[in-house]
2 protein chains.
Amino acid sequence: MDYEILRNVGTIARALDSISNIEFKDIALEKGQYLYISRIFENPGITQKQLSNLLCVDKTTTNRAISRLIEKKLVIKRDDENNKKNKLLWVSEEGSRLYDILHRESDYSTQVALEGLNQDEIIKMTRLLAKMTKNVVNDWSEVKKGHKRIY
Amino acid sequence: MDYEILRNVGTIARALDSISNIEFKDIALEKGQYLYISRIFENPGITQKQLSNLLCVDKTTTNRAISRLIEKKLVIKRDDENNKKNKLLWVSEEGSRLYDILHRESDYSTQVALEGLNQDEIIKMTRLLAKMTKNVVNDWSEVKKGHKRIY
DNA sequence: CACTTATAGTTGTAATTGCAACCATTTATC
DNA sequence: GATAAATGGTTGCAATTACAACTATAAGTG
């Protein structure tokens, strides 16, 4: 049945997250921190709220993770001149060096995950997962705002 | 590039997990507990170790989750007559009733996630994700055992 | 303009999560 | 069959995770 799809998505995600957390202990990153460094590096000046929505993580979780990364001098926080409510985030020089490793690991995991799939399948997969992401993130935003789904 | 694939897998998984955790607070389930109830229901007599491998979760996490579910009388633990090391798990009657709700929610989320995909795409997706799962879980087992991946 | 509502960020608290280190069995090896 | 290695399960810790409840700023509305 179709429910296999979401089950496997969950399993793949947990497995990869677990692998990343274990591997990045070598570079003194704690659970989950790699996610934030990657996204901030690729979206310089992003806010905590935007990060939370990008990752589908609670904003308080993002806040704590960022605080820790600032302590560790891997991320820098600056005030937004145009909007005092916002604090913009950048990766430090040290953080940038880590990004290189994160990127390489991600590439490797992608290679492993896609082993045995041909180019056409990969392209289709990319397109379909993007569509699914949009569908699911939409529901996530609603539910986070308090909307009750009926089923 | 291909790295979009794993990013989206992670995002979908986090979003759905977050939704489930929020929705299942109505039935007094705490973070993550729904996973174990579902899998034990579908695999009666499963052990903690098998559960951990099925979900790609650390065995100590499984242990704590199960202890809590036993306290809540949603899961039952029995000794394996043939092997005193193993403790076999079953869902209680109360737990079975919850399973019904979990199943309905999962169906609904699947429907939402797959909106806009046709039957052929869904079938392909199912097959490809199963293959990816196998690839990734294999690496996860190795890394958990201490194997260092080179990249 | 007043003032209400919404938004971004932050802390209090309580729970899960997972590595390390351990016990109890079982399995492998001599 | 004795002893070593492996396996399944369990606790001590230390950290993330996230809901509530809050502050401060910005945006919407009469």
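Suppose the filter is within 15 Å of the chain's Cα centre (by Cα) and of a type in the set (S, T, N, Q); does A:T47 pass it? Don't jump to the end; show me each part of the working.
Values: within 15 Å of the chain's Cα centre (by Cα): yes; of a type in the set (S, T, N, Q): yes.
When the stated conditions are applied, A:T47 passes them.
Results for (1) within 16 Å of DNA strand C (Cβ to nearest atom); (2) among the charged types (D, E, K, R); (3) under 24 Å from B:T110 (Cα atoms); (4) within 14 Å of chain B (Cβ to nearest Cβ), shown as yes or no for each residue.
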| residue | (1), (2), (3), (4) |
| --- | --- |
| A:L51 | yes, no, no, yes |
| A:V57 | yes, no, yes, yes |
| A:T62 | yes, no, no, yes |
| A:E121 | no, yes, yes, yes |
Pairing a residue in the stretch B:133-144 that is farther than 10 Å from A:T11 by Cβ and assigned to a helix (DSSP H, G or I) with any residue that is modelled with pLDDT of 95 or more and open to solvent by less than 40 Å² (accessible area, probe 1.4 Å), where Cβ atoms lie under 6 Å and the two sit 6 or more apart in sequence or on different chains, gives B:N135/A:V112; B:N135/A:A113; B:D139/A:V112; B:V143/A:I19
Scanning the stretch B:10-23 residue by residue, those free of Cβ contacts under 8 Å to residues at least 40 places away in the same chain and either within 15 Å of DNA strand C (Cβ to nearest atom) or of a type in the set (A, V, I, L, M) (or both) turn out to be B:G10, B:A13, B:R14, B:A15, B:D17, B:S18, B:N21, B:I22
If I ask for residues that are in a loop (DSSP other than H, G, I, E, B), under 19 Å from B:R14 (Cα atoms) and open to solvent by 70 Å² or more (accessible area, probe 1.4 Å), which ones from the stretch B:29-80 would you list?
B:E30, B:K31
Scope the stretch B:86-111; condition of a type in the set (A, V, I, L, M) and either more than 19 Å from the chain's Cα centre (by Cα) or within 24 Å of B:T47 (Cβ to Cβ) (or both); matching residues
B:L88, B:L89, B:V91, B:L98, B:L102
Of the conditions (1) open to solvent by less than 80 Å² (accessible area, probe 1.4 Å); (2) more than 13 Å from every other protein chain (Cβ to nearest Cβ); (3) within 15 Å of DNA strand D (Cβ to nearest atom); (4) within 17 Å of the chain's Cα centre (by Cα), the single one that A:N83 does not satisfy is (4)
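I'd like to check something: does the stretch A:1-16 contain any residue that is assigned to a helix (DSSP H, G or I), within 9 Å of chain B (Cβ to nearest Cβ) and touching a strand residue (DSSP E or B) at 6+ places or on another chain (Cβ under 9 Å)? Walk me through how you get there before you give the answer.
Kept after step one, since they are assigned to a helix (DSSP H, G or I), are these residues of the stretch A:1-16: A:3-16.
With within 9 Å of chain B (Cβ to nearest Cβ) added as a condition, the list becomes A:3-16.
Within this subset, residues satisfying the condition of being touching a strand residue (DSSP E or B) at 6+ places or on another chain (Cβ under 9 Å) are none.
Among the residues of the stretch A:1-16, not one is assigned to a helix (DSSP H, G or I), within 9 Å of chain B (Cβ to nearest Cβ) and touching a strand residue (DSSP E or B) at 6+ places or on another chain (Cβ under 9 Å), which makes the answer no.
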Against the conditions (1) within 13 Å of another protein chain (Cβ to nearest Cβ); (2) farther than 22 Å from A:R7 by Cβ, where does B:L129 fall short? Just the number, please.
(2)
Among the residues of the stretch B:89-102, are any free of Cβ contacts under 8 Å to residues at least 12 places away in the same chain, in a helix (DSSP H, G or I), open to solvent by less than 60 Å² (accessible area, probe 1.4 Å) and not aliphatic (A, V, I, L, M)?
no
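The values are calculated or read from the model by the stated rules, or taken from the named source; none is laboratory data. Please read all numbers here as calculations on a predicted model, not as lab measurements. For neighbour counting, all protein chains shown are included, and Cβ atoms are generated from backbone atoms with ideal geometry for every residue, glycine included. These area figures cover heavy atoms from the full protein model, side chains too; ligands, DNA and RNA do not enter into them. Shrake-Rupley method; radii C 1.70, N 1.55, O 1.52, S 1.80 Å.
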